[in-house]
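The values are calculated or read from the model by the stated rules, or taken from the named source; none is laboratory data. The structure displayed is predicted, hence computed values, not measured ones. Every residue, glycine as well, gets a Cβ built from its backbone with ideal geometry; the counts of neighbours run over all protein chains shown.
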Amino acid sequence: MCGVVGAIQRGGGVVETLLQGLRLLEYRGYDSAGVAVLEAGAISIRRKAGRLERLEHSLSDGTLSGARAGIGHTRWATHGPPSDENAHPHTDAEGRVALVHNGVIENWAELRAELEAAGVRFASDTDTEVLAHLVGREVARGRELPDAVRASLARVRGYYAIAALAQGERGPRIVCARSGPPLAVAAGPDGVYLASDVLALIAHTRDVVFLEDGDVCELELGRPLRVTRIDGTVVDRPTRRVEWDPESAGKGSFPHYMLKEIHEQPDVLARTAFDRLRLDKGDVDFGVPGFGDHELRAIDRIQVVACGTALHAGWIARYLIEGLARIPVDVDYASEFRYRDPVLAHNTLALAISQSGETADTLAALRLAKTLGARTAAICNVVGSTLVRESQATILTHAGPEIGVASTKAFVAQVVAAFLFAVRLGRARGVLSLAQGKELVSELRLLRPKMESLLGERAVSEVRDIAQKNRSQRGFLFLGRGINYPIALEGALKLKEISYVHAEGYPAGEMKHGPIALIDPEMSILVVNSAGPLAEKVRSNLEQVRARGGHVIAIGSDRESIAQSDEHVLVPECSEWLSPILNVIPLQLVAYHMADLKGLDIDKPRNLAKSVTVE
Ligand code: M6R
């Protein structure tokens with residue numbers, strides 16, 4: 001949602017450190033941004049509605065450049081519209097305390113009424129300002145900042161990752177805390193740092209401490225990081241090494257992160273899968289507990305929970321697991337699962353899929369499944385994330401940091417992980433023979449050059465032509481069947497997210513039950529069809545579209561569909577089980593080029609944020 005950073009460093013220049021961090025976290029929210037720094041014991045604040053460049057510009061006068069300690073924020077609005085007044089940091093009325101916050105304070109209205117009744121005047125519409133006043137009041141009563149934060153948080157209900165500064169302290173000190181959204185802290189050779197995403201820390205050090213819910217951490221130069229619970233009890237949190245390379249957080253020579261991430265997908269396949277394949281055994285070894293024969297034979301049903309693109313990977317997981325391991329799989333929107341009073345069968349494994357591992361609905365759904373007696377597992381991209389910490393077993397996807405708000409490489413990694421899991425389940429349960437296992441894992445090995453061919457210059461320029469010819473169309477319908485039906489959903493989601501055009505994904509066989517009424521020449525129909533048992537069925541749906549004057553774009557390895565289409569992308573042949581991994585690439589590129597041709601902000605689409613840590 002929002003990005004939170006903080007730093008105290010030995011030399012000056014903390015403003016540049018905060019801005020560097022905010023640039024890396026801008027994908028988390030980009031409505032407004034701000035910083036508060038301590039200089040000679042006094043707090044100075046700059047904050048601006050709009051993109052980070054506006055804040056950077058306002059800081060370019062250099063007046064705060066000597067400061068050594070500060071906190072910063074990039075916002076995705078929840079309470080009050082994006083404006084200078086609602087931008088963080090917020091302060092108490094006397095400006096004693098500055099505070100930044102990611103999350104939602106649920107009892108803010110009640111606390112605000114109480115403070116107003118006591119004469120406090122508010123300067124913003126935000127829930128966060130309530131907390132700034134509470135902390136300020138505790139400081140005014142003589143408490144030191146850590147105690148003031150702990151006492152204030154004890155009164156708060158909701159989700160938060162916060163960082164606070166106070167003026168007049170004996171030395172620069174920052175106090176941060178988390179309950180819900182992620183927060184990590186680190187002590188490097190030149191200073192101490194905090195951030196809501198390790199991306200902003202790895203430029204300083206790769207040794208990071210992930211705070212847990214209910215933790216409050218005190219950061220001071222020259223002292224070990226001190227972590228307590230809200231009641232003041234000191235706790236020990238391990239330092240973990242983050243293997244991500246700081247370079248991977250850059251765009252390289254690509255104009256957008258999304259394009260770079262699409263092009264990384266062949267490598268993501270290799271990183272997520274190849275070391276885990278056991279070709280001689282026709283099997284997969286995850287190298288972590290939770291995936292042994294005995295454990296996997298004890299599963300009678302699987303419940304997948306996820307949101308957005310990760311949910312589409314979950315739908316694919318269903319086809320894979322039911323097809324290769326013959327275990328029944330239910331898939332649900334995490335936001336629906338958590339409130340529909342679900343009934344779980346005995347021996348259910350709840351499988352949560354998430355890039356960030358911090359999506360509020362997915363976490364809540366997993367926790368609910370756990371209380372209903374399910375075993376839990378995760379497919380996740382972020383080491384140390386809440387989902388990984390709370391799941392009994394995890395398959396890490398090795399997609400590397402994904403910065404583009406529209407998820408691409410993380411999706412491919414999730415589908416690869418689901419395929420690996422399905423093969424492992426199938427082998428553990430004796431559903432897949434040695435020969436079948438060998439064939440499947442060998443097919444996966446062969447996929448990389450096929451993915452690369454879809455990213456070659458010729459293929460990419462074909463897709464750009466398609467985007468060019470279709471950019472003025474009124475709407476888009478994406479159709480697919482079987483394991484490629486979720487790819488239709490994903491193609492439509494990508495187009496909506498970054499091109500702002502109406503697009504729907506549908507099972508091809510459902511089209512005649514309603515959406516067919518939409519078809520006319522101003523409607524483009526993207527038909528995903530791979531050679532395989534359902535190809536003929538999809539072809540007849542394609543004919544139904546043509547008969548009604550729809551503009552057909554065929555994507556896939558089925559050559560007859562290609563011959564019947566107005567435009568097409570021919571995808572290399574592969575096992576039907578793996579075809580989604582290839583078919584999604586042209587669809588991602590169609591969305592990308594459509595948005596690019598329209599001059600839209602591809603990496604920061606309007607109204608969206610990368611990680612949705614509130615309901
Ligand atoms: O971090 P997660 O995978 O849990 O995020 C889930 C969704 O919010 C995410 O996939 C979202 O739909 C993306 N913007 C899709 O491109």
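Of the candidates Ala467, Ala531, the single residue that is away from the ligand (no atom under 16 Å from the Cβ), in contact (Cβ under 8 Å) with a residue 12 or more places away in the chain and part of a loop (DSSP other than H, G, I, E, B) is Ala531.
Check the range 506-528 and report whether any residue there is free of Cβ contacts under 8 Å to residues at least 12 places away in the same chain and closer than 23 Å to Glu576 by Cα. Within the range 506-528 (the criterion being free of Cβ contacts under 8 Å to residues at least 12 places away in the same chain and closer than 23 Å to Glu576 by Cα), the answer is yes, since at least one residue qualifies. Filter the range 79-113 for residues that are in contact with a strand residue (DSSP E or B) (Cβ under 9 Å, 6 or more places away or on another chain) and surrounded by fewer than 19 Cβ atoms within 10 Å (Cβ to Cβ) and give the result. Within the range 79-113, His79, Pro81, Pro82, Ser83, Asp84, Glu85, Gly95, Glu106, Asn107 meet the criteria. Scanning the range 114-125 for residues that are in contact with a helix residue (DSSP H, G or I) (Cβ under 8 Å, 6 or more places away or on another chain) and touching a residue at least 24 places away in the same chain (Cβ under 8 Å) yields Val120, Ala123. Taking the criterion of being touching a Leu at 6+ places or on another chain (Cβ under 7 Å) and part of a helix (DSSP H, G or I), would at least one residue in the range 215-228 satisfy it? Within the range 215-228, not a single residue is touching a Leu at 6+ places or on another chain (Cβ under 7 Å) and part of a helix (DSSP H, G or I). Taken together, His90, His101, His79, His57 contain a single residue that is touching a Cys at 6+ places or on another chain (Cβ under 9 Å) and either in the same structural domain as Pro181 (by TED's automatic domain parsing) or free of Cβ contacts under 8 Å to residues at least 24 places away in the same chain (or both), which is His101.
Do the conditions hold for Leu582, that is, is it closer than 22 Å to Pro266 by Cβ and not assigned by TED's automatic domain parsing to the domain that holds Ala360?
yes
For the range 475-482, does any single residue satisfy the condition of being aliphatic (A, V, I, L, M), away from the ligand (no atom under 16 Å from the Cβ) and either assigned by TED's automatic domain parsing to the domain that holds His346 or touching a residue at least 24 places away in the same chain (Cβ under 8 Å) (or both)? Taking every residue of the range 475-482 in turn, at least one turns out to be aliphatic (A, V, I, L, M), away from the ligand (no atom under 16 Å from the Cβ) and either assigned by TED's automatic domain parsing to the domain that holds His346 or touching a residue at least 24 places away in the same chain (Cβ under 8 Å) (or both). Taking the range 304-421 and the helices (runs of 4 or more DSSP H) fully enclosed by it, the elements with 3 or more residues that are surrounded by 23 or more Cβ atoms within 10 Å (Cβ to Cβ) and within 11 Å of the ligand (Cβ to nearest atom) are at 308-325, 360-371.
In the set (1) closer than 19 Å to His502 by Cα; (2) surrounded by fewer than 19 Cβ atoms within 10 Å (Cβ to Cβ); (3) over 34 Å from the mean Cα position of the chain (by Cα), the condition left unmet by Glu543 is number (1). The condition of being in a loop (DSSP other than H, G, I, E, B), in contact (Cβ under 8 Å) with a residue 12 or more places away in the chain and either of a type in the set (Ser, Thr, Tyr) or in the same structural domain as Gly232 (by TED's automatic domain parsing) (or both) holds for only one of Arg155, Arg170, Arg178, that being Arg155.
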